[in-house]
Amino acid sequence: DVKVTQSSRYLVKRTGEKVFLECVQDMDHENMFWYRQDPGLGLRLIYFSYDVKMKEKGDIPEGYSVSREKKERFSLILESASTNQTSMYLCASSLVGLKDTQYFGPGTRLTVL
Amino acid sequence: DAKTTQPNSMESNEEEPVHLPCNHSTISGTDYIHWYRQLPSQGPEYVIHGLTSNVNNRMASLAIAEDRKSSTLILHRATLRDAAVYYCILRTLSSGSARQLTFGSGTQLTVLP
């Protein structure tokens, strides 16, 4: 089974802190994604990556950056956390090509005080 | 990706079959119908997908209308663990670069003991 793991299930940070969310997948998938999920807004794509060191902006990249130095790891960085970044953050991975089922991690619930 | 319409919520009794409908009247010939579900406090998980023919797997069955404008996810024997939000998503057949999943609001399935 594909496994996508996220570094924390729950995280509490203060406004202005730099926050790192880590995601690791063990199936050699080329694609990795970061979404956030908010009540009433569904899942929204922040960034995705289709290869090591490659990244593309999603629908809501402002206030975030990403890093993909190794194929299995995709990091989401909040340079200066703000209260409106309180959310559930979900990482996913998929293969390139026709069978692009996305496999999600369990999510990180981030609270910014 | 084309739009889908699902009921906001449905209820089922435990151990009975559940039919979750999805309308996608603007579906194109190259759109696959995907279903994901999200259990409480977890990331979404892939359930099933199909193009034209009905599909079965260990989790569920997918019945696709002959004109492809609607489909139904069938859980043959609902359990309490099937209580989740079920999302119907259309995905255009494409190889190559990563594509995000666009989740609508889905159907909240409640399973009654």
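The values are calculated or read from the model by the stated rules, or taken from the named source; none is laboratory data. All values derive from a computational prediction rather than experimental measurement. Heads up, the Cβs are rebuilt from the backbone with ideal geometry, glycines too, and the neighbour counts pull from every protein chain shown.
With respect to the conditions (1) within 29 Å of B:HIS49 (Cβ to Cβ); (2) in contact with a strand residue (DSSP E or B) (Cβ under 9 Å, 6 or more places away or on another chain); (3) not β-branched (Val, Ile, Thr), A:GLY40 lacks only one, and its number is (2). Within segment A:75-103, the set of residues being outside any strand (DSSP E or B) and within 11 Å of another protein chain (Cβ to nearest Cβ) comprises A:LEU95, A:VAL96, A:GLY97, A:LEU98, A:LYS99, A:ASP100, A:THR101, A:GLN102. Taking B:GLN108, is it within 13 Å of another protein chain (Cβ to nearest Cβ) and at pLDDT 95 or above? Taking the combined requirement at face value, the residue satisfies it. Taken together, the residues in segment A:28-65 that are within 15 Å of A:GLY105 (Cβ to Cβ) and either away from every other protein chain (no Cβ under 13 Å) or acidic (Asp, Glu) (or both) amount to 0.
Do we have B:ILE33 as assigned to a loop (DSSP other than H, G, I, E, B), touching a Lys or Arg at 6+ places or on another chain (Cβ under 9 Å) and crowded, with 19+ Cβ neighbours inside 10 Å here? Even if it seems obvious, please write down each step before you answer.
Values: assigned to a loop (DSSP other than H, G, I, E, B): no; touching a Lys or Arg at 6+ places or on another chain (Cβ under 9 Å): yes; crowded, with 19+ Cβ neighbours inside 10 Å: yes.
Against the criterion (assigned to a loop (DSSP other than H, G, I, E, B), touching a Lys or Arg at 6+ places or on another chain (Cβ under 9 Å) and crowded, with 19+ Cβ neighbours inside 10 Å), B:ILE33 does not qualify.
Of the residues making up segment B:12-27, none is under 28 Å from A:PHE33 (Cβ atoms), of a type in the set (S, T, N, Q) and within 14 Å of another protein chain (Cβ to nearest Cβ).
Residue by residue, here is whether (1) modelled with pLDDT under 95; (2) more than 13 Å from the chain's Cα centre (by Cα) holds:
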site: A:GLN6; (1), (2): no, no
site: A:LEU11; (1), (2): no, yes
site: A:ASP38; (1), (2): yes, yes
site: A:SER75; (1), (2): no, no
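Of the candidates A:SER65, A:SER49, the single residue that is over 17 Å from B:SER41 (Cβ atoms) and at pLDDT 95 or above is A:SER65. Any residue at all in segment B:47-60 that is under 26 Å from A:ARG36 (Cβ atoms), assigned to a loop (DSSP other than H, G, I, E, B) and either touching a residue at least 60 places away in the same chain (Cβ under 8 Å) or under 13 Å from the mean Cα position of the chain (by Cα) (or both)? Checked segment B:47-60: no residue is under 26 Å from A:ARG36 (Cβ atoms), assigned to a loop (DSSP other than H, G, I, E, B) and either touching a residue at least 60 places away in the same chain (Cβ under 8 Å) or under 13 Å from the mean Cα position of the chain (by Cα) (or both). Of all the residues in segment B:44-93, those that are within 14 Å of chain A (Cβ to nearest Cβ) and among the basic types (Lys, Arg) number 2.
If I filter segment B:22-31 for residues that are within 11 Å of the chain's Cα centre (by Cα) and within 30 Å of A:THR5 (Cβ to Cβ), do I get at least one hit? Spell out how you get there, then give the answer.
Residues of segment B:22-31 within 11 Å of the chain's Cα centre (by Cα): B:22-23.
Imposing the further condition that a residue be within 30 Å of A:THR5 (Cβ to Cβ) reduces the set to none.
There is no residue in segment B:22-31 that is within 11 Å of the chain's Cα centre (by Cα) and within 30 Å of A:THR5 (Cβ to Cβ).
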